[in-house]
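As C-alpha cells, the structure follows; a few thoughts come after it.
The values are calculated or read from the model by the stated rules, or taken from the named source; none is laboratory data. Given the structure is predicted, the values throughout are model-derived calculations rather than measurements. Neighbour counts run over all protein chains shown; Cβ positions are idealised from the backbone, glycine included. In case anyone asks, the SASA skips ligands and DNA or RNA and just uses the protein heavy atoms, side chains included. Shrake-Rupley method; radii C 1.70, N 1.55, O 1.52, S 1.80 Å.
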Amino acid sequence: MLSQPKFWKTRNIISSILVPLSFVFRILTFIKQIQKPKELDIPIICVGNLTIGGEGKTPTVLSLTKILKKNGRKIAVILRGYGGKLNGPIKVNLNHSTHEVGDEAKLHSKHNDTWISKDRYNAAKIILDQKRYDYIFLDDGLQNNSLKYDFKICVIDSSEGLGNKRVFPSGPLREDLKFGINKIDYAVIIGPKNINLEKLILGLSPKLKFIYGNFLELQTKNVLPKSRNIIAFAGIGFPDKFFRFLEKINIKVIKKIIFADHYIYSNSDINKLLKLANDKNAVLLTTSKDYIKLIELTSYQKIKNILFEMQVELILNNHFEIISLIKTIGNQKNEINKNY
C-alpha cells in the first residue's frame, strides 16, 4: 500500500475525476456491512479509523490496553494481519515473522496476547472459549460487520484531518463521512488541538466525545551517537508525521527517505541504506513498524550497529473518562452474562 497521495488533501481535478469510482466503492462497502453482526459474551472494543491508514490505531490500542492491564484487566487483541500471508485464526508468538503475520500484529504481540484472523469472529470465539480474558480489542475493523462491537473508537490524526472528505479513491475516506462518524462512540485525536476538525466532527455528531493524545519519546535521543549525522526513513501511512515528530523533539536529520506503507524490505534495501549511511557518516533512524521488519533480514547484521528504533508511546490526555466508559461496558456485559 502506497502512502496517501497529495490529491487526497483537496478537492482538485484528479479527485473530481475519480468521484464515480468512489460511488462504486461506497456500494461495495455498504454491501459488505449488510450482514448481521454476531454477538459474543465478552466485551469487544473496536479501534479503527475512517480514512485509509496512518492515523495511529495501533498506538491507541497499546495505550488503552496498558491502562486497563494496570487496573487488573486481561486483554486479547485481534488483527486482520495485514501484510502477512497467514489467514488464521492463529495466536502470534515471537517465532512468527512479519511476513507471516504482518508488522502490526508482531508489534502487538510484544505487549498483549494477539491473534490474527481474516475472519474476526472465528478468532474472537477461540479467545472467548479460553475463559481467561476480560476484553477483546480489535485493531481496525470499523468497516467490518462480522462481530457486534460494544464500544467503537475512531482514531484521527489532527494534522492530516479527514483530507478532502471524499471516499476512496477520490479521497482518503473508507466510507461516507456522516455515516462513519455517527456509528462511533468516541474519537481519539492524535496531535495538536484542531478546532476546525472538532467543529466538523461535532457538526455531524453533536454528542460524540473525544480526547487528544500525543506521542512521548522513549529514551531514543539518549542512545543516538552525537558524532554522527542522522538519516531518517519510514514506510508508514503518514511518513511526514514521523519526520515532524523528530523535528519537534529536536532530532536534526540530514536526509529523509520515504517507503510505501507496510513496505516489505529486502536485503538489497539494507545494502543501499548502509552505503548511504557510510557516505554521509550517518546512523539510520526509523519507526518501530519498520524496525521490526528489518531485524528479521539476514543483512540486518550489517547495519545493526547504526540502525536505531524511534520508540514512542501514545499518551492520552485525560483518559479517565474513556477508560471508565470501557470498564462500565465490561461490567454491564459481564453482569448480563451472569444472569443468563
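For segment 293-321, the candidate set comprises residues that are in a loop (DSSP other than H, G, I, E, B) and closer than 14 Å to SER63 by Cα; within that set, the residue that is least open to solvent (accessible area, probe 1.4 Å) is HIS319. Does GLU175 satisfy the criteria of being surrounded by fewer than 22 Cβ atoms within 10 Å (Cβ to Cβ), within 21 Å of ILE201 (Cα to Cα) and of a type in the set (Asp, Glu)? Spelling it out, GLU175 is indeed surrounded by fewer than 22 Cβ atoms within 10 Å (Cβ to Cβ), within 21 Å of ILE201 (Cα to Cα) and of a type in the set (Asp, Glu).
Just give me the residues in segment 137-146 being open to solvent by less than 10 Å² (accessible area, probe 1.4 Å) and either β-branched (Val, Ile, Thr) or part of a loop (DSSP other than H, G, I, E, B) (or both), in sequence order. Within segment 137-146, GLY141, LEU142 qualify. Checking each residue in segment 1-35 for being farther than 26 Å from GLY81 by Cβ and not in a helix (DSSP H, G or I) picks out LYS9, THR10, ARG11, ASN12, LEU18. For segment 152-162, residues that are open to solvent by 20 Å² or more (accessible area, probe 1.4 Å) and among the small types (Gly, Ala, Ser) total 1.
Within the option set ASP261, ASP269, being modelled with pLDDT under 95 and among the charged types (D, E, K, R) holds for one residue only, ASP261. Quick check, is PHE245 over 22 Å from GLY83 (Cβ atoms) and of a type in the set (Phe, Trp, Tyr)? Answer is yes for this residue. Among the residues here, TYR149 does not qualify as more than 24 Å from GLN33 (Cα to Cα), open to solvent by less than 30 Å² (accessible area, probe 1.4 Å) and either touching a residue at least 60 places away in the same chain (Cβ under 8 Å) or outside any helix (DSSP H, G or I) (or both). Flag: SER97 does not match the condition of being over 30 Å from PRO192 (Cβ atoms), hydroxyl-bearing (Ser, Thr, Tyr) and surrounded by 20 or more Cβ atoms within 10 Å (Cβ to Cβ). Whether any residue in segment 262-282 is exposed (fewer than 14 other Cβ atoms within 10 Å of the Cβ) and within 19 Å of the chain's Cα centre (by Cα) is what I want to check. Taking every residue of segment 262-282 in turn, at least one turns out to be exposed (fewer than 14 other Cβ atoms within 10 Å of the Cβ) and within 19 Å of the chain's Cα centre (by Cα).
Note on segment 249-272: residues that are within 25 Å of PRO5 (Cβ to Cβ), in contact with a Leu (Cβ under 7 Å, 6 or more places away or on another chain) and assigned to a helix (DSSP H, G or I) total 0. Taking segment 192-248 as the region of interest, the helices (runs of 4 or more DSSP H) fully inside it that hold 3 or more residues being open to solvent by 20 Å² or more (accessible area, probe 1.4 Å) and over 21 Å from LYS57 (Cβ atoms) are 195-204, 220-223. Residue check: ASP290 meets all listed conditions (1) closer than 30 Å to ASP185 by Cα; (2) assigned to a helix (DSSP H, G or I); (3) open to solvent by less than 20 Å² (accessible area, probe 1.4 Å) but one, namely (1). Scanning segment 186-214 for residues that are at pLDDT 95 or above and touching a Phe, Trp or Tyr at 6+ places or on another chain (Cβ under 6 Å) yields a count of 2.
Might you let me know whether segment 330-340 holds any residue that is aliphatic (A, V, I, L, M), modelled with pLDDT of 95 or more and surrounded by fewer than 19 Cβ atoms within 10 Å (Cβ to Cβ)? No, segment 330-340 has no match at all.
Among what's in segment 62-87 and is among the aliphatic types (A, V, I, L, M) and outside any helix (DSSP H, G or I), pick the residue that is farthest from LYS106 (Cα to Cα). For segment 62-87, the residue satisfying everything is ILE75.
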